[in-house]
Every structure is written in structure tokens, then in C-alpha cells.
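All of the numbers you see were taken from the coordinates with simple rules; none came from a lab. The structure presented is a predicted model; accordingly, all values stated were derived computationally and were not measured. We place every Cβ from the backbone using ideal geometry, glycine too, and count neighbours over all the protein chains shown.
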Amino acid sequence: MWSRYVAPERHYSTTELIKKEEETMLIVMKPNSTPQQIENVIQKIKEAGLAAHLSQGVETTLIGAIGETHDLPTELFEVLDGVDMVKRITQPFKLASRQFDPENSIFPIDGFQVGGNDIVLIAGPCAVESRSQILETAQAVREAGANALRGGVFKPRTSPYSFQGLGEEGLEYLAEAREETGMPIVVEIMSQNQLDLMTKYVDVLQVGARNMQNFNLLRTIGETRKSVLLKRGLSATIEELLMSAEYILAGGNKQVMLCERGIRTFETSTRNTTDINAIPVLKNLTHLPVILDPSHATGHSDYVAAIARAAVAAGADGLIVEVHPDPAHAASDGKQSLKPEKFAEMVKQVKAIAEVMGRRIAPIKKPVIAGW
């Protein structure tokens, strides 16, 4: 008498369970797929209880099926018209992964593009201190070749007694500097409560190292369509940085730049330890642009240019540098700030490195005002 065979119960290891939970499907459409075929795939994804994320390039359309997909067969989508292939993404960061989008993300920021062959330069003071200070600095960095102006108005200081920034007054000065120079402005946001005010003024929202894992803030920013500069946390791993970027991408905001700004190690000769390794590693793992901050990475103006040169040689898509007309009297981070003439010298050096790498510094957009 035949007895029915019962397969033994499978016991998954912790590693296997984590991998199962992390799997996501990537659906690659054929080059000639129609809008209706793409819509049919998206509808099928939703019917399976998953979230659909569409990424359309010049030649390829990719659709991510985000959710618990490990029990779903790939054939569920492979049989649909217009589908070329289906593969699984096992990395915990899905939308940020090169598996999801093998092409570099390139997006415009008022006059220049980030993520392409051009290397962008963002420069300005750590903090906006006065109208005259930010206008003077803006003109100086623009003349040296900067593409965007940075300046803090809400400052996350270690001591509550240190200068905390000018708030909206500082944003008004930055907006005036943008009008005079044509440069978009990059400003750090510390709380979701500041979002309405910040989006009124700024072009790029900077998420500082201390807020890299402020997930409520990241979710809120993900709902906007403002460009974002996401800085790596003081002790964060590369994977943790990418998972933080995932929060923003999952909200639908695809204009995310990653910023390596040095990590905290046992070394005390510099403020932080520059992780140059992070640049090629990130460029391999993600399609998002990678920016390096040599000012915070070193904490000393004497070392900024050298690390900036190294960053460009390593493949960085841009630099964010602190520049102040009078660093000795800066309200914050004067020690690591370059004087305008030193910044201009650094720009010439990184231009030379960029040419060796087959790239160029992004050309500046001149404002349509008298005198330019």
C-alpha cells in the first residue's frame, strides 16, 4: 500500500530568513513596450498587494515590485505583454540599488545637472551670520566657479549656548544672494516642522549627519519634490546611509544626493576620518550621485584641497566646501573654512584632476542682471 510522501519541514537559518524578507522583484520592460503594457504590469503588481515604483530611462523602463515577494513566482509577471525579464533584488535598499536602476541618476538643479559627467561645486559659509557676509561670500565663490551656495540658518550645535543660526532672516539673505548671483541655495533642515518654511526659500534640502536616521524627517522630505543632499552619519555604515536614502526614495522623491563627510574613528589628528573608499563603493552599489564634504571630513582648512582632489580622482560627482571671508571670526567652523582666494585655488586644482578623469567642473549659470 502506497503512503503519501510528506516533505520534511524546512527550517530556515537567520541569514536565509533575512534574505527572504529582503527580496524584491525588478521587472524590466522591452524597449518597445507601450504605455498600456506598462500600466498593465503596474496594475498586476498592485493586485498582488505590492507597491509599484516606475523608473523610465531613455531606452529602458524598470518597474519595482516592492513588498514581500519571496512567495511570488517570477512567472506571474514574465507572462505579461511587454515584459523582457524579471529578477529579484536581494539588497535591503531597493530603489537606491543599481540592481533597480543600473544607469546613473541625473537630475537638474537650477542651471546645472548632478550625477552626470559634470562635477558640481557647492560652497559657502557654515552659517549665515549677516547680510553682508553671505552676499560677499556668494559673489566670491561664484567668481571662483561654484554652482550652488550653501549656508546654515538652523544650526545643530553640540552646545545649546553656541550660535544657533538666524532662522528665517538668514533664509531671506540667502534668497537675496541667489537673486544676485543666480546660484541655487543648499540649506540644512533639522525638523519636519521647518519644512514649509524651508521649501518656500531653498532649492536643495540638506539633511545633516545628526539627522541621517531621523526617519520621520526623511519620510516627510520624501513627500516633497525638492532635491536632497543626505549626509552620512558620524558612525553610520554605507548600508545605513543607503537605507536612509531609501526612506526618501520610497516617498517618491528621486532627487537624492548622498554626501560622504567623514566618519568618527579613533584618530584625533583630524575632526573626522575621510572615507575615500566610500566613493567607489557607493558608485558601485547605487545609481544616486555622490558628493564629498572635505571641510567636515578633515576639520582643518589646510587639508581641504588635498581631500577635494582625492574625492574627484575617486569618482565623486561633486564637492560641498565651507568658505568664509574671515574664518578667524566665523560664528561656527572657522577652522575648517577656506578663504575665498584659497577656494579659487582649490577649484583650479580639482578642474585639472577632473580633466584627467575625463570629466569637467559644471559650468556656471550667470544671472541675467547688469554687470554680468
### Query
Rounded to two decimals, what is Rg over Rh for region 57-122 when you use alpha-carbon atoms and the Kirkwood radius?
1.09
### Message
Run the numbers for L197 and S132: contour at 0.36 nm per residue of separation, minus the present Cα-Cα distance, in nm.
### Response
21.1 nm
### Message
Need one number for region 298-372: average projected area of the convex hull over its C-alpha atoms, nm².
### Response
6.2 nm²
### Task
Go through region 161-175 residue by residue and turn each phi into a ³J(HN,Hα) via Karplus (6.51, -1.76, 1.60, θ = phi - 60°); whole Hz please, and just put x for glycine and proline.
8, 7, 4, 9, x, 8, x, 4, 4, x, 5, 5, 5, 5, 4
## Note on the structure
One quarter of the C-alpha convex hull surface, i.e. the mean projected area of region 47-181 in nm², amounts to 13.0 nm²
### Query
For q = 0.15 Å⁻¹, what log10 I(q)/I(0) does region 185-333 give under the Debye formula with an equal point scatterer on each alpha carbon and no solvent?
-0.76
#### Entry: Amide H contacts of V83 (H built 1.01 Å from N, under 5 Å, at least 5 apart or other chain)
K30
#### Entry: Extension gain (nm, one decimal) between R264 and K30, 0.36 nm per residue minus Cα-Cα
79.7 nm
### Query
Which percentage, to the nearest 5, of the DSSP beta bridges contained in region 94-205 is antiparallel?
20 percent
### Task
Please turn the phi angles of region 303-316 into ³J(HN,Hα) values with the Karplus equation 6.51 cos²θ - 1.76 cosθ + 1.60 (θ = phi - 60°), one per residue in order, whole Hz, x for glycine and proline.
9, 4, 4, 4, 6, 5, 5, 5, 5, 5, 5, 7, x, 5
#### Entry: For region 245-372, projected area of the alpha-carbon convex hull averaged over all directions, nm²
10.6 nm²
## Note on the structure
Exposure-ranked with fewest Cβ neighbours within 10 Å first, V83, V350 stand as V83, V350
### Summary
For region 287-338, inverting the pair-averaged 1/r of distinct alpha-carbon atoms gives a Kirkwood value in Å of 11.3 Å
### Cα shape, region 196-256, gyration tensor, a/c 1.5 rule
prolate
### Task
Give me the distance in nm between label points sitting 7 Å out from Cα along the Cα-to-Cβ direction at E179 and K339, one decimal.
3.2 nm
### Task
Rounded to the nearest 500, what is the 222 nm mean residue ellipticity of the chain from helices alone, with -39500 (n - 2.57) per DSSP H run of 4+ residues and division by all residues?
-10000 deg cm²/dmol
### Message
With an 8 Å Cα cut-off and a minimum separation of 6 or more residues, compute the relative contact order for the chain in percent.
### Response
16 percent
#### Entry: In Hz, Karplus ³J(HN,Hα) per residue of region 334-345 (6.51, -1.76, 1.60; θ = phi - 60°; x = Gly, Pro)
x, 4, 9, 8, 7, 6, x, 5, 5, 5, 4, 5
### Query
Relative to the compact globular guide of 2.2 N^0.38 Å, what is the alpha carbon radius of gyration of region 139-229, as a ratio?
1.09
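In Å, what Kirkwood hydrodynamic radius results for the chain from the alpha-carbon pair distances?
About 22.0 Å for the chain.
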### Message
If you restrict to DSSP beta bridges whose two residues both lie in the chain, what percentage is antiparallel, to the nearest 5?
### Response
40 percent
### Message
If I stretch the segment between E169 and A306 completely, what's the gain in nm (0.36 nm per residue apart, minus their alpha carbon distance), one decimal?
### Response
45.9 nm
